[in-house]
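To keep things clear, I will list the structure first and then write my remarks on it.
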Number of protein chains: 2
Amino acid sequence: MIQLSLADARTLVATILANAGFSEGHVRTLTDTIVAGERDGCTSHGLYRTLVCAHSLRTGKVDGNALPRVHDQAPAIVRVDACGGYSLLAFEAGLPHLIEKARHNGIAAMAINHCVHFSALWPEVERLTDAGLVGLACNPSHAWVAPSGGRVPLLGTNPFAFGWPRPDKPPYVFDFATSAVARGEIELRRRAGESIPEGWGIDAAGNATTDPQAIVDGGAMLTFGDHKGSALSTMIELIAGPLIGDLTSLESLRHDGGAGGSPYHGELVLALDPSRFISGDPAPHAARAEALLDAFVPSGARLPSQRRYEARARSRVEGVRIPEQLHAELVALRDDPAMRVMPG
Amino acid sequence: MIQLSLADARTLVATILANAGFSEGHVRTLTDTIVAGERDGCTSHGLYRTLVCAHSLRTGKVDGNALPRVHDQAPAIVRVDACGGYSLLAFEAGLPHLIEKARHNGIAAMAINHCVHFSALWPEVERLTDAGLVGLACNPSHAWVAPSGGRVPLLGTNPFAFGWPRPDKPPYVFDFATSAVARGEIELRRRAGESIPEGWGIDAAGNATTDPQAIVDGGAMLTFGDHKGSALSTMIELIAGPLIGDLTSLESLRHDGGAGGSPYHGELVLALDPSRFISGDPAPHAARAEALLDAFVPSGARLPSQRRYEARARSRVEGVRIPEQLHAELVALRDDPAMRVMPG
């Protein structure tokens, strides 16, 4: 393993993305999110993603110079057209408006349209909790998941994230896929020739399977939590798809046309301002929330982001460790003159 | 079984509730919801609830004359103080304001405070879909459920409901408890001396149990969907509790003090207006949602409210059938002069 300080990791990622041809804004927002992923121990959303982003740009799957367009859609809605770029710069462009609208109205929504999406949602809900707001975020993906009882993949892995600001503590944040497991988990087992537990997927005939190959060969993944998880995933299709005038996971997969690219769709973010929901001092109510959350760990329960925050604290002191081979690939990409794109 | 037309069922329920001492508004909103439950085949929220409501009033657990107070809390928030009455009249009092705010701002919230709560949430999200809006609703309950990995009940059965309007069809609606099963399901098995499947609850030591008695004796129920369902239930505690200045499930149970009454807490309802989220005609986007939902049944999947809508169509023609003993109890209550409360 190779150890890198967070600053060195930033420089490495930012240099590769800039050389590849991403604009300054995309470089900055991509680097923030990629390094935050590695820092928090989410390696699947960490430095490895730099390779994917550079590849997506090279193969024309994403616009590296897309400038998000912000629309004041309604008194409590900001809409941001990502114009075919990654979602992150669009999120950043809309964020000040979302915060202002939430503080003014009590609740507000941000709809991001036409974005290429690869990132976790927790960095975004953390931006809202940093502002003292409650945040929710969700998006469709590619249709790999069958609804409960069905034989056909109609739903995406549709992540759902939530953040609650805590006084003097990291926020209460969760961010989970509504599929039973991540797509990558099934792919890993398939490559290793291993079986998977029941409940992860079905074969082409709609029967439960423990063979990851059967899921890829015309089968489907399943949602978490049976019909309840399936309902939640369907809700995400609707509110982060047609509600905001953007694609469902089925449409995103069709749009990809078998190219294996990142999903292309929209994202819905809600922000709620606790100081507007009650008259008077919100502090005693925040304290009652603390009393509930503080009871979790002593009772044996884990708080959802506990492991991430522990990794974050560690990474801030020790930096991050990445596999030697990944480091070599990143350095080769950084130093490859063929990867340098002249700004057009 | 005794067969009753929907009109006769309404008259029976309304007469009992009026005799018991509920005000006209509470009689009307309670009757609507109780008869709708029976009509849709949800017997646990059906005519049997009339007995529970009358008993709760007699024992002072609910204020039958409470007049909800509506506050224009923020541009996109209406707050309704139920003042110790049932939630339903408060919901009705706030609904026109919620609809108006959602249509004006694109998204709006209704916070209901200090309500006694027994009802399902689907009748409420259906009121929003009737108005062409997307609705979400949730509330805490009593703390009977342990968070994932924990040994102590810190969460309620915390229902979550969602509604999506469909052109020329009943809306897409789900309404589920975030507990693995309803509390009543465990109670039924306990009384029958039957065991329960693994995953429903734990004993006092925090170990998985199939003995319903062990759950009652210091154990706890579990959420659906392991840590993901647990996270969702925690979110509901926070946004339908401290966010709106109202009790958590732990606090609701403490407030009950062992009396076995209905939970007393708040409720959060969100409304989103599809016509405000996009510029131009929303119809093509609604049609894309239809394409997704129309693919469910042919693929073998069920739409969440399918069974309810089938029961509704049947009940509208045939009326409802209730057990003879329940009917006898209701008639006895209706005809009992001791149950008649003089308006104070």
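Just so you know, all these numbers are worked out from the coordinates, no wet-lab data involved. Since we're looking at a predicted model, the values are computed, not measured. Here the Cβ positions follow ideal geometry from the backbone for every residue, glycine too, while neighbour counts run over all protein chains shown.
Projecting the Cα atoms of B:Ala208, B:Leu250, B:Phe22 onto the charge dipole of the protein assembly as shown (Cβ charges, centred on the Cα centre) puts B:Phe22 farthest toward the positive pole.
Give me the net charge of B:Leu253's neighbourhood, meaning all other residues with Cβ under 13 Å from the Cβ of B:Leu253; Lys, Arg count +1, Asp, Glu -1.
Value of the local net charge: -1.
Give the shape of the protein assembly as shown as rounded, prolate or oblate, defined through the alpha-carbon gyration tensor: a ≥ b ≥ c are the square roots of its eigenvalues, a/c under 1.5 means rounded, and otherwise the shape is prolate if a/b is larger than b/c and oblate if not.
It comes out prolate by the Cα gyration axes.
Convex hull of alpha carbon positions in the range A:98-140: directionally averaged projected area 3.2 nm².
Summarising the label geometry, the points placed 7 Å from Cα in the beta-carbon direction at B:Thr210 and A:Gln3 lie 5.1 nm from one another.
With Cα atoms defining each centre, the range B:271-337 and the range B:54-99 are spaced 24 Å apart in the structure. Shielding by partners for peptide B:279-291, expressed as the average number of C-beta atoms from other protein chains within 10 Å of each residue's C-beta, is 3. Each residue in B:Glu24, A:Glu329 was given a count of other beta-carbon atoms within 10 angstrom of its own, and listing them fewest first yields B:Glu24, A:Glu329. Charge dipole (Cα centre; +1 on Lys/Arg Cβ, -1 on Asp/Glu Cβ; no other charges) of the protein assembly as shown amounts to roughly 220 debye.
In summary, the lysines within cross-link reach of B:Lys228, defined as a Cα separation below 23 angstrom excluding same-chain residues under 8 places away, comprise A:Lys169, A:Lys228. Rounded to whole Å, the principal axis extents of the Cα atoms in the range B:161-312 read 57, 40, 30, largest first.
Given q = 0.06, 0.13 Å⁻¹, what are the Debye log10 I(q)/I(0) values for chain B, with equal point scatterers placed on the Cα positions and solvent ignored? Summing over Cα pairs of chain B leads to -0.22, -1.11.
Note on B:Glu198/B:Ala295: beta-carbon distance plugged into 1/(1 + (r/R0)^6) with R0 of 25 Å gives a FRET efficiency of 0.15.
Expected output is a single nm value to one decimal: the length gained when fully extending between B:Thr11 and B:Arg302, i.e. 0.36 nm times separation in residues minus the C-alpha distance. What is it?
Gain in length upon complete extension: 101.3 nm.
Equivalent-ellipsoid semi-axes (√(5λ), Cα gyration tensor) for the range B:159-205, whole Å, largest first?
Calculated on Cα positions only, the semi-axes equal 33, 12, 7 Å.
Using Cβ point charges alone (K and R +1, D and E -1), the dipole size of chain B about the Cα centre works out to roughly 240 debye. With a cut-off of 14 Å, note down the residues of the range A:73-105 whose backbone N falls inside the zone around a label point 7 Å from the Cα of A:His255 toward its beta carbon. Within reach of a label on A:His255: A:80-88. All other residues whose Cβ lies under 14 angstrom from that of B:Leu330 are scored, Lys and Arg at +1 and Asp and Glu at -1, for a net of -2. Any idea how far apart A:Asp226 and B:Cys83 come out in nm if each label point goes 7 Å out from Cα toward Cβ? Output for this residue pair reads 4.3 nm. Counted over all Cα-Cα pairs of the range A:1-156, pairs farther apart than 20 Å make up 55 percent. Computed from the C-beta positions of A:Asp72 and B:Asp130 and an R0 of 22 Å, the FRET efficiency is 0.15 to the nearest 0.05.
Net charge around B:His142, counting only other residues with Cβ within less than 11 Å of its Cβ (Lys, Arg = +1; Asp, Glu = -1)?
Around B:His142, the surrounding residues sum to 0.
Peptide B:266-276 has a mean of 3 when you count, residue by residue, the C-beta atoms of other protein chains within 10 Å of its C-beta. Inter-label distance, A:Ala332 to B:His55: 7.3 nm, where each label sits 7 Å from its Cα along the C-beta direction.
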